[in-house]
Amino acid sequence: GEGGGPFPEAPARPLSAESPSARGARVAVERPRPAIASAAGVAHGGGPWMPQSERMSLLSARDLAADIRSGRTTPEAVLEQVAAAIAAHESEVGAFVTLDLDSARAAARAPGLAATPLSGLPVGVKDILDTRDMPTTYGSPIYAGYRPRTDAPVVAMTRRAGGLVVGKTETTEF
């Protein structure tokens, strides 16, 4: 496409009359999602020949949640794939200031998790958001060791929607 990426630019789909933009709010235009191709040229999602761990790494969050809801995979399996990726790349990437995979693993075993909107998808929370069970430093040494008593509203909503908070991600100071 003109944007220089591997996929041609898709035309924008019109938004419904009930959409936020139709009511005057500023929102991004919806665009169809392009297929993600593997090295072998197979469309998004891979095939039965592809190892599940590789297949999961190609899926969007929406498709991964659908796989959890359908029983093709579990929140625990997805979390373990994320944990393996973190273990393999965190020393180079340095994305997390706090990691609590044990708490995420315990939360992944909650009954009914697959039926929630996020279906047990792992989530990293920026270190500017309070979390009741992890330190929040706001990227500043003056807040080292600060332990909020409650979750920030967006974190609480993410947890209620079935998101598994695996850790806190780096941020600039304040």
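A few remarks follow.
- Selection count, region 123-172, where residues are of a type in the set (S, T, N, Q), over 27 Å from residue 111 (Cα atoms) and over 14 Å from the mean Cα position of the chain (by Cα): 5
- Cβ pairs under 8 Å, 6+ apart, first in region 53-69 and at pLDDT below 90 and open to solvent by 40 Å² or more (accessible area, probe 1.4 Å), second among the polar types (S, T, N, Q) and in a helix (DSSP H, G or I): 53/81; 57/81
- Unmet requirement for residue 172, which otherwise passes all of (1) modelled with pLDDT of 95 or more; (2) out of contact with any Asp or Glu (no Cβ under 8 Å at 6 or more places or on another chain); (3) among the polar types (S, T, N, Q): (1)
- Taking region 140-170 as the range and being open to solvent by 30 Å² or more (accessible area, probe 1.4 Å) and farther than 24 Å from residue 62 by Cβ as the test, the residues that pass are 141, 142, 143, 144, 145, 146, 147, 149, 150, 170.
- Scope region 112-130; condition farther than 9 Å from residue 165 by Cα and in contact (Cβ under 8 Å) with a residue 40 or more places away in the chain; matching residues: 113, 114, 115, 116, 117, 118, 119, 120, 126, 127, 128
- Filter result for residue 101 (at pLDDT 95 or above, farther than 14 Å from residue 167 by Cβ, among the hydrophobic types (A, V, I, L, M, F, W, C) and more than 14 Å from the chain's Cα centre (by Cα)): no
- Filtering region 70-94 to residues that are more than 12 Å from residue 120 (Cα to Cα) and open to solvent by less than 30 Å² (accessible area, probe 1.4 Å) leaves 83, 86.
- The set of residues in region 106-120 being open to solvent by 50 Å² or more (accessible area, probe 1.4 Å) and under 18 Å from residue 71 (Cα atoms) consists of 109, 111, 112, 115, 117, 118.
The values are calculated or read from the model by the stated rules, or taken from the named source; none is laboratory data. Model, not experiment: these values are computed from the prediction. Virtual Cβ from ideal backbone geometry, glycine too; neighbours counted across all protein chains shown. What goes into the accessible areas is simple: the full protein's heavy atoms, side chains included, and nothing from ligands, DNA or RNA. Shrake-Rupley method; radii C 1.70, N 1.55, O 1.52, S 1.80 Å.
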